[in-house]
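Accompanying notes for the structure given below.
The values are calculated or read from the model by the stated rules, or taken from the named source; none is laboratory data. The structure displayed is predicted, hence computed values, not measured ones. FYI the Cβ positions are ideal-geometry reconstructions off the backbone, even for glycines, and counts take in every protein chain you see. Accessible surface areas use protein heavy atoms only, side chains included; no ligands, DNA or RNA. Shrake-Rupley method; radii C 1.70, N 1.55, O 1.52, S 1.80 Å.
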Amino acid sequence: MKVLLVNGSAIKDGNTFIALSEIAKTLQTEGVDAEIVQIGNKPVRGCIACGTCKAKGNGRCTFDDDVCNRILEKAEKADAFVFGSPVYYGQPNGALLAVIQRMLYAKGDAFRFKPVANIAVARRGGATAAFQTLNMAFQMMNMPIVTSQYWNLAYGRNPGEAAQDSEGMQTMRQLARNMAWMLKKFKGVETTEHPETEPWNPMNFIR
Ligand SMILES: Cc1cc2nc3c(=O)[nH]c(=O)nc-3n(C[C@H](O)[C@H](O)[C@H](O)COP(=O)(O)O)c2cc1C
C-alpha cells in the first residue's frame, strides 16, 4: 500500500512540507509506504481544454514539459493521495490546482475509487475555503474522502513555523491513521475496529 503526497508549495521545505511530512511519517509507522513529491518552482501550465489527452487516449497531458505527467505516472501506481497546498488569497495555490485539473482530465482512472485527503496551510485566514476548494474535484471522481478530527489545516507563516502548531500536527497524524485504517479495510488487511486516537490537544492563535 502506497500513498502519494503532493506538495503544491514552491517552497521545498516549507510549512506544507512539514504538515505532509507529519502525515508521511505516521503512515510509515502504520505500515503504509509514503512518498512526497514537490510541484517545485518551475513553470506549470493550466489546462487549455485542447482535448488531446482524450483524442490520443494515452492518459497523458499533451504538455510534457512540466511536472504534471511525472506526477501522473506516480499516481497510477499509488493506492491513495494527499494533496497539500499553501493558502494563497484564501485559495489553494494556482500551480497545484492546474496540475490536479490536468491530471484528472487526462487520466481519471488513476484516481477513481482511491482514497484522498487534502490539507491547507495558512498564516491566518482562508484555510477552510482553500480546503473546501481542494475537495471539490475529488468529490466528483468517486474518491472516498478521508477525514481527521478537525479540518485538515495547519498554521504558520515563515518556513518551519507549522511545526509549532501542535493541534495542526495532531490533525495530520490522525488523518494519516484514518487513511491507513481505511486502506487496510479496503484491501482486506487485518486491522483494529477503529483507528487509534490521541488525547485531544486543542490550541488557538495565542496558544
Ligand atoms: C501569494 C501569497 C498569498 C498568500 N495568501 C494567504 C492567505 O490568503 N491567507 C493566509 O493565511 N496566508 C496567506 N499566505 C501565507 C502562506 O499561506 C503561508 O506562509 C504558508 O505557511 C506557506 O506555506 P509554504 O511554506 O508551504 O509555502 C500567502 C502567501 C503568499 C506567498
- Task: Please enumerate the residues belonging to the range 2-23 that are out of contact with any helix residue (DSSP H, G or I) (no Cβ under 6 Å at 6 or more places or on another chain), open to solvent by 10 Å² or more (accessible area, probe 1.4 Å) and not acidic (Asp, Glu).
- Result: 2, 10, 11, 12, 17, 21
- Message: Looking at the range 172-189, can you tell me whether even one residue there is surrounded by fewer than 15 Cβ atoms within 10 Å (Cβ to Cβ), outside any helix (DSSP H, G or I) and out of contact with any His (no Cβ under 8 Å at 6 or more places or on another chain)?
- Response: yes
- Matching residues, the range 101-127, being open to solvent by 10 Å² or more (accessible area, probe 1.4 Å), in contact (Cβ under 8 Å) with a residue 40 or more places away in the chain and away from the ligand (no atom under 16 Å from the Cβ): 101, 105, 106, 107, 109
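Those residues that are in a helix (DSSP H, G or I) and β-branched (Val, Ile, Thr), I need them from the range 64-102; list them, please.
Those that are in a helix (DSSP H, G or I) and β-branched (Val, Ile, Thr): 71, 99, 100.
Tell me the residue from 130, 78 that is within 16 Å of the ligand (Cβ to nearest atom), at negative phi and in contact (Cβ under 8 Å) with a residue 40 or more places away in the chain, please. Write out each step before concluding.
Details: 78 fails: within 16 Å of the ligand (Cβ to nearest atom).
Criteria check complete, one pass: 130.
If a residue has to be away from the ligand (no atom under 12 Å from the Cβ) and either of a type in the set (Val, Ile, Thr) or farther than 24 Å from residue 197 by Cα (or both) to count, how many in the range 144-157 make the cut? Let's see the steps before the verdict.
Residues of the range 144-157 that are away from the ligand (no atom under 12 Å from the Cβ), as a first pass: 144-152.
Checking the rest, the ones that are also either of a type in the set (Val, Ile, Thr) or farther than 24 Å from residue 197 by Cα (or both) come to 145-147.
The number of residues fulfilling the criteria is 3.
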- Note on the structure: Subset of the range 153-171, residues assigned to a loop (DSSP other than H, G, I, E, B) and either within 16 Å of the chain's Cα centre (by Cα) or not charged (D, E, K, R) (or both), comes to 156, 158, 159, 160
- Six or more apart or on different chains, Cβ under 8 Å: which pairs go from a residue in the range 143-154 that's at negative phi to one that's open to solvent by 50 Å² or more (accessible area, probe 1.4 Å) and within 16 Å of the ligand (Cβ to nearest atom)? Could you list them? 151/128; 153/128
- Yes/no for residue 35 being assigned to a strand (DSSP E or B), surrounded by fewer than 23 Cβ atoms within 10 Å (Cβ to Cβ), touching a residue at least 24 places away in the same chain (Cβ under 8 Å) and more than 16 Å from the ligand (Cβ to nearest atom): yes
- Query: What is the residue count in the range 55-95 for residues that are crowded, with 21+ Cβ neighbours inside 10 Å and of a type in the set (Phe, Trp, Tyr)?
  - Reply: 2
